[in-house]
1. Of everything in region 78-102, what is in contact with a Cys (Cβ under 9 Å, 6 or more places away or on another chain) and more than 19 Å from C68 (Cβ to Cβ)? Give them in sequence order.
2. Out of region 74-95, which residues are under 17 Å from L62 (Cα atoms) and not in a helix (DSSP H, G or I)?
3. Looking only at residues that are at pLDDT 95 or above and assigned to a loop (DSSP other than H, G, I, E, B) in region 39-64, which one is farthest from the ligand (Cβ to nearest atom)?
4. Between a first residue in region 65-79 that is assigned by TED's automatic domain parsing to the domain that holds G94 and within 8 Å of the ligand (Cβ to nearest atom) and a second residue that is aliphatic (A, V, I, L, M) and assigned to a strand (DSSP E or B), which pairs have beta carbons less than 9 Å apart while being 6 or more apart in sequence or on different chains?
5. Quick one: K7 ticks every box in (1) surrounded by fewer than 10 Cβ atoms within 10 Å (Cβ to Cβ); (2) modelled with pLDDT of 95 or more except a single one, so which number is it?
6. Here are the criteria: (1) surrounded by fewer than 12 Cβ atoms within 10 Å (Cβ to Cβ); (2) more than 11 Å from the ligand (Cβ to nearest atom). Tell me which single one G85 does not satisfy.
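The values are calculated or read from the model by the stated rules, or taken from the named source; none is laboratory data. Just so it is clear, the model here is predicted, and its values are computed rather than measured. Cβ: placed from backbone, ideal geometry, glycine included. Neighbour counts: every protein chain shown.
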Amino acid sequence: MYAYFRKLVYFSTECVFAPNAYRGHARMLLKDLEKVDPAVIMNIIQSGESLTINATANMPTLSRCTRCGYVSSQEVCKACVLLEGLNKGLPRLGIGKSSKVKRFMQENSPCCKTQSCLCNKK
Ligand SMILES: [Zn+2]
């Protein structure tokens, strides 16, 4: 809409994956619920705004990725893990169990001077 009203050059083709995207199912559910009760969307928003985090919950601490330097809650950020998986021919590396990812990244880390490193490069 922004590009249309600003008369910017753009192309508008629907993504080939859009018809089966999960958000389409969520949108249809919301529209069906809205037919039953028009206030359902406002009720969902109000519920979301009233959510609070349990004081005893273990929250991740923000740190920097050891490879790219961007903000991450892990030693190596998800983008670097996914890239490593693609470069090594292991596309499931970033979406598998986190313990396997951690072990793989430690074994293939260029710098093994961290205390948590388990590889034999020390
Ligand atoms: Zn990174």
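1. none
2. Q74, E75, V76, C77
3. Filtering first and then ranking leaves A39.
4. The qualifying pairs are C65/V71; C77/V71.
5. Failed condition: (2).
6. Failed condition: (1).
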